[in-house]
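Take a look at the structure below.
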Amino acid sequence: MAGGFGPTGGGGTEFEAKITPIVIISCIMAATGGLMFGYDVGVSGGVTSMPDFLIKFFPAVYENTLHPQDSNYCKYDNQNLQLFTSSLYLAGLTATFFASYTTRKLGRRITMLIAGVFFLIGTAFNAAAQDLAMLIVGRILLGCGVGFANQAVPVFLSEIAPTRIRGGLNILFQLNVTIGILFANLVNYGTNKIKGGWGWRLSLGLAGIPALLLTLGALFVVDTPNSLIERGHLDEGKAVLKRIRGTDNVEPEYLELVEASRVAKAVKHPFRNLLQRKNRPQLIIAVALQVFQQFTGINAIMFYAPVLFNTLGFGGDASLYSAVITGAVNVLSTIVSIYSVDKVGRRMLLLEAGVQMFLSQVVIAIILGIKVKDHSEDLGKGYAILVVVLVCTFVSSFAWSWGPLGWLIPSETFPLETRSAGQSVTVCVNLVFTFVIAQAFLSMLCHFKFGIFLFFSGWVLIMSVFVLFLLPETKNIPIEEMTERVWKRHWLWKRFMDDDYDNVGAVTNGEKKNGVYNGFDPSSQL
């Protein structure tokens, strides 16, 4: 499968590259970091709906599920219960700052190994927890693993993959997140039936499987040529480049990586450099994508799917079963994005999903507003099935758009000199808003009731407008050529580039330059 990659013309460089087994294996092993993250996301919602778990750690919540005091929507409104879920993301946020240093100085592979060790220790604490404090410590250690894994894995995948399949391979991370969520939902469904009150320990303990896979994977994968060259191992970097590209003709790509590394080393303060005018478009887009990704409401559904379905009147088994269905839809839809992201493009997937998510959330809000009152749960079988179908419609559109692309686009747009710092900011912003949603959702559900879905649908509308006007297309563009071929041709972002952008030429409404669509230009319509 040899051949050039990246569209030719417009200064595009064509490098020879085969899709080699070592690339596929390395990417699969690295992406198990996503499996661990997904399992942690999915398992917390399931165990917090298990009576044995609630009796041991949250007896007040258990009592409220049996005899709701205020409203059906408020059964699970408890700050400590939300802290069990959200503490992981707060710890991940702190760990990200250390992970940025290790990614740059020690390499992507060592950073993934550190993540695996944190995951293993955190899993042991959670499975053996005797009180709430031990439970929270376990979640904090898992959060440290998330911080290191989310920092290193997307960058690793972007750097090791040939450009023509970079999008698809990078989405392996998100695919494994969704598989992890589905695996957690299936485990929760099974362990909920275990008599004796220890099913939740098994749910939390089985996180050790993906943790072990990530740790072993990090021991055997190669580090990326970008990372080796960045740390001064030029010969080793060139040798690895030959192995992963499956050809000896790597000189053009190698020289481009060396030059990018030289430019990167000239930057002594990458975080300060992020704030320079020429780097603002990438920073604005990376931050906005993370904020918007959380405000689609997806994590509220994924964290608390069994709790949410319980709130709507589903029984214990039915709520976990419904969560399994949404988890399965999540996995299948992410596979769709692997095949379509490098063909259809990033913008088209995001815009189509915006319409689908907006409509499904509005209809869910209308149904719940009519059928689920504070003290009645007359959803009925027909409407219950319809709600699950609509939730699946929402989840599927997220899974082939904002889920994977929220990570892919930032990882491929930052130049090498700010890539580690940019990825740190990306992960930090994601974890801050993930923490906010995890800590606040059950309280928001209590106060907003069905209006919570209208709240998230309003955000979906805002983010779709942002994509339409401000997000350029990046498919099939080599990472080192983003500035020339993307940012300097966008109707707004070219104003932030240092060179004289007037000579580049504007791209207006639907026009393509060298095969790249760079966004709708409203100024041409004024």
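Tabulated results
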read-out	value
Under the Debye formula (equal points on every Cα, no solvent term), log10 I(q)/I(0) of the chain at q = 0.05, 0.07, 0.08 Å⁻¹	-0.19, -0.38, -0.50
Amide H contacts under 5 Å for F15, placed H, 5+ residues apart	F5
Tilt relative to the chain, helix 280-294 - C-alpha long axis, 0 to 90 degrees, to 10	20 degrees
Residue-by-residue Karplus 3J(HN,Hα) for the range 331-343, coefficients 6.51, -1.76, 1.60, Hz, glycine and proline x	5, 4, 6, 5, 4, 4, 5, 4, 7, 9, 5, 8, 9
Any cysteine of the chain lacking a neighbouring Cys Cβ under 4.7 Å - listed by number	C27, C144, C392, C428
Cross-link table K193/K381; K18/K105; K195/K371; K75/K193; K242/K268; K268/K475, entries beyond 25 Å C-alpha to C-alpha	K18/K105; K195/K371; K242/K268; K268/K475
Projected-area average for the range 228-387 over all orientations - Cα convex hull basis, square nanometres	14.8 nm²
The range 329-398 - Kirkwood radius from inverse mean 1/r over Cα pairs (Å)	13.5 Å
For the range 155-200: rounded, prolate or oblate by the Cα gyration tensor [a/c cutoff 1.5]	prolate
Cut-off 13 Å between beta-carbons: net charge of the residues surrounding L445, Lys and Arg +1, Asp and Glu -1	-1
Tensor-based shape of the range 446-489 (alpha-carbon gyration tensor, a/c under 1.5 rounded, otherwise prolate or oblate)	prolate
Potential extension, L234-A133 segment - 0.36 nm per residue separation minus Cα distance	31.6 nm
Cα gyration tensor shape of the range 83-225, rounded if a/c is under 1.5, else prolate or oblate by comparing a/b with b/c	prolate
For the range 259-272, 3J(HN,Hα) per residue [Karplus equation, 6.51 cos²θ - 1.76 cosθ + 1.60, θ = phi - 60°, Hz, x = Gly/Pro]	5, 4, 5, 4, 4, 5, 5, 5, 8, 7, 10, x, 5, 5
Using a Förster distance of 56 Å, the FRET efficiency for R262-L216 (Cβ separation, nearest 0.05)	0.95
Distance between the range 146-183 and the range 199-239 - C-alpha centres, whole angstrom	12 Å
Solvent-accessible heavy-atom area per residue, rounded to whole Å², over the chain at 1.4 Å	36 Å²
Rounded to whole Hz, the Karplus (6.51, -1.76, 1.60) HN-Hα couplings of the range 431-438, x for glycine and proline	5, 4, 7, 5, 4, 4, 5, 5
Amide H partners (placed H, <5 Å) of K373, local residues excluded	D378
Listed residues W493, W400, W198 arranged by accessible area, highest first, probe 1.4 Å	W198, W400, W493
Heavy-atom accessible surface of the range 151-196: percent carbon and sulfur, 1.4 Å	68 percent
Per-peptide average of other Cβ atoms within 10 Å, ordering 462-472, 217-227 highest first	217-227, 462-472
5 angstrom amide H check on G345, placed H, neighbours 5+ away	none
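The values are calculated or read from the model by the stated rules, or taken from the named source; none is laboratory data. What you are looking at is a predicted structure, and each value in this text was computed from that prediction instead of being measured. Ideal geometry is used to build each Cβ from the backbone, glycine not excepted, and the neighbour counts take in all protein chains shown. Note: accessible area is taken over every heavy atom of the protein model, side chains too, but ligands, DNA and RNA are not part of it. Shrake-Rupley method; radii C 1.70, N 1.55, O 1.52, S 1.80 Å.
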